[in-house]
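A short write-up of the structure that comes next.
The values are calculated or read from the model by the stated rules, or taken from the named source; none is laboratory data. If you're wondering where the values come from, they're calculated on a predicted model, not measured in any experiment. A quick note on method: Cβ atoms are made from the backbone with ideal geometry, for glycine too, and the neighbour counts reach across all protein chains shown. These area figures cover heavy atoms from the full protein model, side chains too; ligands, DNA and RNA do not enter into them. Shrake-Rupley method; radii C 1.70, N 1.55, O 1.52, S 1.80 Å.
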Amino acid sequence: MIWDQLTSNQIAELDKDIPVLLPVSATEQHGAHLPLATDRIIGEHFLYTLNNLINPNMLILPSVGIGCSDHHMDFAGTLTLSHDTFSLVAKEIIESVLRHGFYKIILFNSHGGNQGIAQVILEQLGYKYRHAHFVSVTWWVLVREALMHISETGPGGTGHACELETSVIEFAANHLVDKTQIKKGANEPTFKWAEGDMLHGSHATCYRTMKAATSNGIFGDPTKASAEKGKRITESVVTSLKDVVTDLLAAGKK
């Protein structure tokens with residue numbers, strides 16, 4: 001079910017055990033071939049696909065479509081919120097949901113820059129509202145093992161506007177992909193212990209702006225993307241997220 005497509009009376013009558021999902025994403029550059037809304041499109045694509053399978057056992061909130069993207073601000077079109085502002089917006093939306101009686105909340109993230117603050121939000125709300133369940137999910141982390149079998153680009157191939165993101169957009173919104181502009185990322189190496197991407201974690205974290213990491217805004221290799229891979233990625237994410245939602249639906253109150 002979609003929160004803002006229901007009436008007030010319909011929301012009031014719902015079973016409050018239903019998990020409520022808040023999609024959080026970003027509006028930022030994704031190279032020359034993908035739209036600024038890439039992260040939001042991907043997140044909503046996964047959630048709406050799952051909703052079609054298990055409705056009415058989940059409730060999807062309106063997306064927070066601008067995230068923490070300071071590191072992308074060297075590229076035109078990027079919008080960003082500070083960590084404090086993003087946290088305040090997300091927490092106040094969630095607290096509104098709690099006030100209506102729901103208590104099973106999933107923060108569904110599709111932007112790397114939101115991961116750190118999402119964990120902070122989870123810990124702050126979890127401590128404050130002991131009766132509730134709070135879960136944070138980032139889509140590629142949820143299915144990293146499956147993605148390793150889908151990806152062909154190896155270490156450094158899946159970072160931003162890459163094989164994975166481009167494949168999902170080609171499957172979900174192919175008309176928004178400018179295939180004439182697809183090119184390999186201009187990945188700039190850093191310390192060996194700081195090298196990593198969506199599938200291959202680094203041993204330590206070293207802050208760099210996206211411009212410093214790649215001059216063309218692409219980190220990885222989208223030339224290996226395909227709609228067929230996008231379909232496989234979607235199936236993997238939806239299957240795994242279904243497990244999270246159904247487990248939470250069955251869980252009792254704390």
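Assorted remarks:
- For first residues located in segment 88-110 and among the basic types (Lys, Arg), partners that are part of a loop (DSSP other than H, G, I, E, B) and surrounded by 13 or more Cβ atoms within 10 Å (Cβ to Cβ) and lie 6+ apart or on another chain with Cβ distances below 6 Å form the pairs 104/19.
- Residue count for segment 79-127 under the criterion of being open to solvent by less than 10 Å² (accessible area, probe 1.4 Å), touching a helix residue (DSSP H, G or I) at 6+ places or on another chain (Cβ under 6 Å) and part of a loop (DSSP other than H, G, I, E, B): the result is 2.
- For beta carbons closer than 9 Å, sequence separation of 6+ or different chains, a first residue in segment 209-224 that is assigned to a helix (DSSP H, G or I) and a second that is among the aliphatic types (A, V, I, L, M) and open to solvent by less than 20 Å² (accessible area, probe 1.4 Å), the qualifying pairs are 222/34; 222/161; 222/164.
- Members of segment 177-192 that are farther than 14 Å from residue 29 by Cβ and either open to solvent by less than 70 Å² (accessible area, probe 1.4 Å) or hydroxyl-bearing (Ser, Thr, Tyr) (or both): 177, 180, 182, 187, 190
- Members of segment 191-235 that are over 21 Å from residue 145 (Cα atoms) and β-branched (Val, Ile, Thr): 205, 209, 214, 218, 223
- Only one of 36, 53, 47 that is within 16 Å of the chain's Cα centre (by Cα) and surrounded by fewer than 24 Cβ atoms within 10 Å (Cβ to Cβ): 36
- Residue count for segment 104-127 under the criterion of being in contact with a Lys or Arg (Cβ under 9 Å, 6 or more places away or on another chain) and of a type outside the set (A, V, I, L, M, F, W, C): the result is 4.
- All positions within segment 124-166 that are under 15 Å from the mean Cα position of the chain (by Cα) and of a type in the set (S, T, N, Q): 136, 138, 158, 166
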